[in-house]
């Protein structure tokens, strides 16, 4: 059986392809989460652990340390505010990863173009 060997050029192409897919995924994620945040209700969620239950508050004004108490009937609002905060964190992490991936993509493109010379 003949042994298959891959040169560095092939591995760089494979890595570049994978990184370009990841870059597109991160760009789409950032776009979708940004739209989701823009459509979310105003304010932020504040949750207090009371031992055997949680109390949820909606904070619209940063100066208001407590916020509006959310009753059980407003649990959907609490869920939407929690999702909004999660989406904001996801965007921040995706932007950090995107910067790293973009840098490495540029590095690989240069490396591949130099190997063709």
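For segment 79-115, name all the residues that are over 30 Å from residue 45 (Cα atoms) and free of Cβ contacts under 8 Å to residues at least 60 places away in the same chain. Spell out the reasoning first.
The first filter runs over segment 79-115 and keeps only residues over 30 Å from residue 45 (Cα atoms), leaving 100-115.
Scanning segment 79-115 gives 100, 103, 106, 107, 110, 113, 114.
Applying the selection to segment 47-61, what residues are farther than 15 Å from residue 82 by Cβ and surrounded by 10 or more Cβ atoms within 10 Å (Cβ to Cβ)? If the condition is that a residue be farther than 15 Å from residue 82 by Cβ and surrounded by 10 or more Cβ atoms within 10 Å (Cβ to Cβ), then 60 is the only one that fits. Residue check: residue 76 meets all listed conditions (1) without any contact (Cβ under 8 Å) to a residue 24 or more places away in the chain; (2) under 15 Å from residue 40 (Cβ atoms); (3) surrounded by 11 or more Cβ atoms within 10 Å (Cβ to Cβ) but one, namely (3).
Every number in this text was worked out from the coordinates using simple rules, so none of it is lab data. Not measured: the values here are computed from a predicted model. A quick note on method: Cβ atoms are made from the backbone with ideal geometry, for glycine too, and the neighbour counts reach across all protein chains shown.
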